[in-house]
Amino acid sequence: VWKFHESTFREKSAARVVAELAQIEADNIFITDDIFWLDRKRGEELAAAIKESGIRKYFTVQTRTDIICKFPHLIEMWKDCGDLSIFLGLESVTNEGLDAVNKSNTADNNVRAIEILKDLEVGFTPNFIVDPGWDREDFATLRAWISEQGAYNSGFSVLTPLPGTDLWDEAKKSVTTHDWEMYDIIHTVLPTKLPLEEFYEEYSALWRHALDVRYRTRGKARTYFQMGAALATGKVSLGALRKGMNIAKVFSKPDTFLAAHRERNIGTEPLGSVTV
């Protein structure tokens, strides 16, 4: 994103943000800028202005763990603006993995930020990048971390080189297909270290594991009760709930991902140089 926008951005005033929120009928607001709270003062001003306006929303804020560690009070302030949950692009559970994706963060910050969110009773959804170059041990390391942290809302994106990004410049000669429908972050378009079938067995096992951790951490009865409560209070629609449950079920099966490779006859051999 930074590259697309030439490392520039523009901020709206607190008054303008409040005015826009007042026009939005939806109860749920997803803020997808992960440096939204980088400017501590602005984060405080926005929270104060929203609270003073009387607007109450269910805010999901995407942010970085180092920002949470540095400004934990912002979490408390935004809790007062309604309901709050946090989306975390953790990407990796090791420092080596974070360095590989130029995250400029540490594994310790990831753990500490989750501890802060738990202490403040704020829900969180971590997302991880799955490298096609992983072996079984790498997948096992991630599953163990999810269990240890109780990170049951975890999601998993397959490392995908998109045209216009630095990763594309590095990996464009290694891609296995130019079928852009495969560039959806749930299919690999890079050669896998494991046989393709085994890679997707491990990938789908991550989704199953996250669901198992949810049941172990919160229990099935509590999980279903909270789903019902979310429906009753309007925090989630029936359609969205069904979609979420279907994703959890479908993504737990390797054939969900292998099917596209078979239909298109896409294996793990690089195509070579390409100009896009």
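The values are calculated or read from the model by the stated rules, or taken from the named source; none is laboratory data. Not measured: the values here are computed from a predicted model. Neighbour counts run over all protein chains shown; Cβ positions are idealised from the backbone, glycine included.
Observations on the structure shown:
- Candidates 83, 99, filtered to the one that is under 21 Å from the mean Cα position of the chain (by Cα) and within 21 Å of residue 124 (Cα to Cα): 83
- The set of residues from the range 59-83 being in contact with a strand residue (DSSP E or B) (Cβ under 8 Å, 6 or more places away or on another chain), under 15 Å from residue 48 (Cβ atoms) and not β-branched (Val, Ile, Thr) comprises 59, 78, 81, 82.
- Check on residue 123, crowded, with 17+ Cβ neighbours inside 10 Å and among the small types (Gly, Ala, Ser): no
- For the range 75-159, the helices (runs of 4 or more DSSP H) that sit wholly inside it and include 3 or more residues that are assigned by TED's automatic domain parsing to the domain that holds residue 185 and among the charged types (D, E, K, R) are 136-149.
- Here residue 172 fulfils each of the conditions (1) loosely packed, with under 15 Cβ neighbours inside 10 Å; (2) in contact with a Pro (Cβ under 9 Å, 6 or more places away or on another chain) apart from (1).
Residue by residue, here is whether (1) of a type in the set (Asp, Glu); (2) farther than 30 Å from residue 217 by Cβ; (3) surrounded by 19 or more Cβ atoms within 10 Å (Cβ to Cβ) holds:
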site: 150; (1), (2), (3): no, no, no
site: 157; (1), (2), (3): no, no, no
site: 163; (1), (2), (3): no, yes, no
site: 166; (1), (2), (3): yes, yes, no
site: 180; (1), (2), (3): no, yes, no
site: 183; (1), (2), (3): no, yes, no
site: 191; (1), (2), (3): no, yes, no
site: 194; (1), (2), (3): no, no, yes
site: 198; (1), (2), (3): yes, no, no
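- Taking the criterion of being within 19 Å of the chain's Cα centre (by Cα) and not hydroxyl-bearing (Ser, Thr, Tyr), the residues of the range 183-197 that qualify are 184, 185, 186, 187.
- Qualifying position, being within 30 Å of residue 206 (Cβ to Cβ), touching a residue at least 60 places away in the same chain (Cβ under 8 Å) and out of contact with any helix residue (DSSP H, G or I) (no Cβ under 6 Å at 6 or more places or on another chain), among 4, 87: 4
- Scanning the range 187-207 for residues that are at pLDDT 95 or above, among the polar types (S, T, N, Q) and part of a loop (DSSP other than H, G, I, E, B) turns up at least one hit.
- Every test in (1) more than 30 Å from residue 161 (Cβ to Cβ); (2) buried (at least 17 other Cβ atoms within 10 Å of the Cβ) is passed by residue 45 save one, and that test is (2).
- Within the range 90-115, the residues that satisfy the criterion of being buried (at least 18 other Cβ atoms within 10 Å of the Cβ), of a type in the set (A, V, I, L, M) and touching a residue at least 24 places away in the same chain (Cβ under 8 Å) are 90, 93, 113, 114.
- Segments classed as helices (runs of 4 or more DSSP H), wholly inside the range 1-73, with at least 3 members that are more than 18 Å from the chain's Cα centre (by Cα) and either among the acidic types (Asp, Glu) or over 14 Å from residue 86 (Cβ atoms) (or both): 14-23, 40-53
- Residue in the range 165-175 that is among the β-branched types (Val, Ile, Thr), assigned to a loop (DSSP other than H, G, I, E, B) and closer than 30 Å to residue 82 by Cα present: no
- Failed item in (1) closer than 25 Å to residue 263 by Cβ; (2) over 16 Å from the mean Cα position of the chain (by Cα), with residue 104 passing the rest: (1)
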